[in-house]
1. Do we find a residue being closer than 19 Å to T147 by Cα and in contact (Cβ under 8 Å) with a residue 60 or more places away in the chain anywhere in segment 71-79?
2. Taking segment 321-356 on its own, how many of its residues are under 20 Å from I371 (Cα atoms), of a type in the set (A, V, I, L, M, F, W, C) and in contact (Cβ under 8 Å) with a residue 40 or more places away in the chain?
3. Of all residues in segment 431-455, which are touching a helix residue (DSSP H, G or I) at 6+ places or on another chain (Cβ under 9 Å) and part of a strand (DSSP E or B)?
4. Give the residue, chosen from T147, T210, that is of a type in the set (S, T, Y) and surrounded by 14 or more Cβ atoms within 10 Å (Cβ to Cβ).
5. Test L338 against the stated conditions and say whether it is more than 49 Å from the chain's Cα centre (by Cα) and at pLDDT 90 or above.
6. If a residue must be acidic (D, E) and under 26 Å from T454 (Cβ atoms), how many such residues does segment 323-366 contain?
7. Determine the pairs where a residue that is without any contact (Cβ under 8 Å) to a residue 40 or more places away in the chain, located within segment 116-140, has a partner that is part of a strand (DSSP E or B) and among the hydroxyl-bearing types (S, T, Y) with Cβ atoms under 8 Å apart, the partner being 6 or more residues away or on another chain.
8. Count, please, the residues in segment 104-148 that happen to be assigned to a loop (DSSP other than H, G, I, E, B), in contact with a strand residue (DSSP E or B) (Cβ under 8 Å, 6 or more places away or on another chain) and within 23 Å of T78 (Cβ to Cβ).
Amino acid sequence: MKPGHSLRQLLLGWLLPSLVILLVVGAIAAYLITLSAATQAYDRALLDEALAIAKQVRIENGRAVLNLPPIAHQVLLTDKFDHIYYLVQGPNGEFIAGHKGLPLPEKSPVEENWVYYDGFYYGERVRIAALFVPSEAGQVLVLMAETLVKRERLIWEILLGMLVPEILLVMATIWLVWFGVKRGLAPIERLRKEIASRSRHDLRPVPENTAPAEVQPMIKALNTLLQKLDGALDAQQRFISDAAHQLRTPLAALQTQVDLALHQKNDGDLRLTLQRLFAATERTVHLANQLLTLARAEPAGHLPGEMQPVDLSQTVQECAQEWVPRALAKNIDLGFELESVQIVGIPLLIRELLANLLDNAIRYTPAGGRITVRTMVKEKKAALEVEDNGPGIAASDADAVFERFYRIKGSPGDGCGLGLAIVKEIARTHNATVELKTPPSGQGTLVRVNFALTT
């Protein structure tokens, strides 16, 4: 299908020529069948005349003679349209009666005692019936010929008689096909107008019930796309709203600390203000990074082509160099139990997922605590676990902690409540699930992310 061609043009371009060709082939076939039947009828009439002449052949004194009365001769050669010729030839090829020079058959028939063939006589095309008659003196040949005027007139009569109805039939068929295609495509045209009339903010599903069954799968796919687009736009709006709300407070604090520093003259006070300014800057940078990671983790933030094979254990080993020093700085025992597990994912997002799990674990696990990172195959899934022996998460907060900016009351530290929300978004991007459990020891938190294994 060439660019710019409509479905109506495509259907008409396939249907109309095919129908016309079919009708023409049908007309030619009917014409040939009718012509064959008419030709056989004329040929049999010639053969009947040859038989009538053969009955008048007598053997006298060992010679074949034709006893044909003058009136019968006149009737035999009378025809309104064609010239009639005949020839009677003896067993030895001698001329007995009729018109000399008529073309003789090239060979005798195998099964019947007659044969039909075409020839020329005095410059005119003639149709000839040759009858081989056995007699006491030998085989007598009777030829009966006529010109082709009646036959040619019959051809034209048949042709004209069939062409006019066929032309009318073709015209009616073209109109019916055009009308049928137009009516058949009417629901698609209404669908096009309905979609075209929408504003760019109207992402409601397109009605499926009124569409033809053949178009409904396409409409379902379109509605799925609209749903994803609506989700992406909603996520973008929520991200902008959340970012504006969350950044307003730390930025205001930064502005206040800078203004205070500008008006302080005491070095001790200035140093304390600068320390507070550094802490506020650090929190703002952390929040900005978390917000950008969250935006990157959402479905609209990546392309399907970014997916590639990932070894979870190797990813953990790469991240260990960054997180082991931070754990040691807080006197936390960070251990690893790694099994090589292959998944398909986006390496950058997998590292961000692990980083947020470790950041939460280190942030809320008290000094002297223990954190263990595991990769394994569990229940036919590729599992990534981060277990700590910190304060744990109450069952009442198990679902809420995955919401954006939610922090458990009384939580220590200066987190922004985005860590587990980011983990959830990255897991959803990879069609993975996140489980929040209590470790077998009964203390702390165990977060498990279950990915699909590569086959």
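The values are calculated or read from the model by the stated rules, or taken from the named source; none is laboratory data. Please read all numbers here as calculations on a predicted model, not as lab measurements. Positions of Cβ are generated from backbone atoms using ideal geometry, with glycine treated the same way; all protein chains shown enter the neighbour counts.
1. yes
2. The total comes to 3.
3. Passing the criteria: T433, V434, L436, T445, V447, V449, N450, F451.
4. On inspection, the qualifying residue turns out to be T147.
5. So L338 fails the test.
6. The total comes to 3.
7. Y121/Y85; R125/T147
8. Qualifying residue count for the region: 1.
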